Amino acid sequence: RISSSLSTLNFDVAQNGFAGISINFDPQGNTQGANLSGLNRLVFGLDSAKAKKIKMEIDDADGRRAVYYLDGIAAARGYYELLTASLGASIDLTKVKRINFVVDAESIQAGNETGSLTLELGGLLFP
C-alpha cells in the first residue's frame, strides 16, 4: 500500500497462478458489507507495464458475484468507470462485501508473468 488511495500489487502468475488486491468492506465477517447503492458509478485508476487486462469481481453478502474485465491497461495510469446501473440484479449493491482486482495468466502475455499493478481509489473506504 502506497497511500490511503494507492496500492501496488506485485504479481508472479507463472505456473497458471493468480494474484489480487481486495477491498474488503467486512474484514471481521460480521456485517452485511457496504451500501454502495447511492453511487452512480465506481471509478478506479489502474496502471501496469505487464498486465494488460484484469478481472474485477464484486461480491455481495448473499454470495453473489459480478465479474467484469478491464482491458487496455497501460504503463500510464488510466481510469475505468463502472456504472452501477449496469450491475442490474446480479448483486445487491446495498450489501457489497468486497471488490477484487485479479491478475491471472489471461491478463498477461508470455514473458510478462512477473510485474506490478497499481490501483488508485478515491471515495471508497480502503482498509
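The values are calculated or read from the model by the stated rules, or taken from the named source; none is laboratory data. If you're wondering where the values come from, they're calculated on a predicted model, not measured in any experiment. No Cβ is skipped: glycine too gets one built from the backbone with ideal geometry, and neighbour counts run over all protein chains shown. Each accessible area value is taken on the protein alone, full model and side chains, heavy atoms only, with ligands, DNA and RNA left out. Shrake-Rupley method; radii C 1.70, N 1.55, O 1.52, S 1.80 Å.
The dipole here belongs to the chain: it is taken about the Cα centre, uses +1 on the Cβ of Lys and Arg and -1 on the Cβ of Asp and Glu, and is about 140 debye. What the chain shows is 53 Å² of accessible area per residue, with the surface traced by a 1.4 Å probe over protein heavy atoms. When the solvent-accessible area of the stretch 62-111 is split by element, carbon and sulfur atoms take up 51 percent of it, the probe being 1.4 Å. The relative contact order of the stretch 6-123 comes to 45 percent, based on Cα pairs under 8 Å that sit 6 or more residues apart. Which links in 53/97; 50/95; 50/97 stretch past 25 Å when you go from one Cα to the other? The answer is 50/95; 50/97.
Annotation: residue 92 carries an accessible surface of approximately 40 Å², with a 1.4 Å probe and no ligand, DNA or RNA atoms counted. For the stretch 1-123, the gyration tensor built on C-alpha atoms gives a prolate shape. Its axis ratio a/c (a ≥ b ≥ c) is at least 1.5, and a/b is the larger of a/b and b/c.
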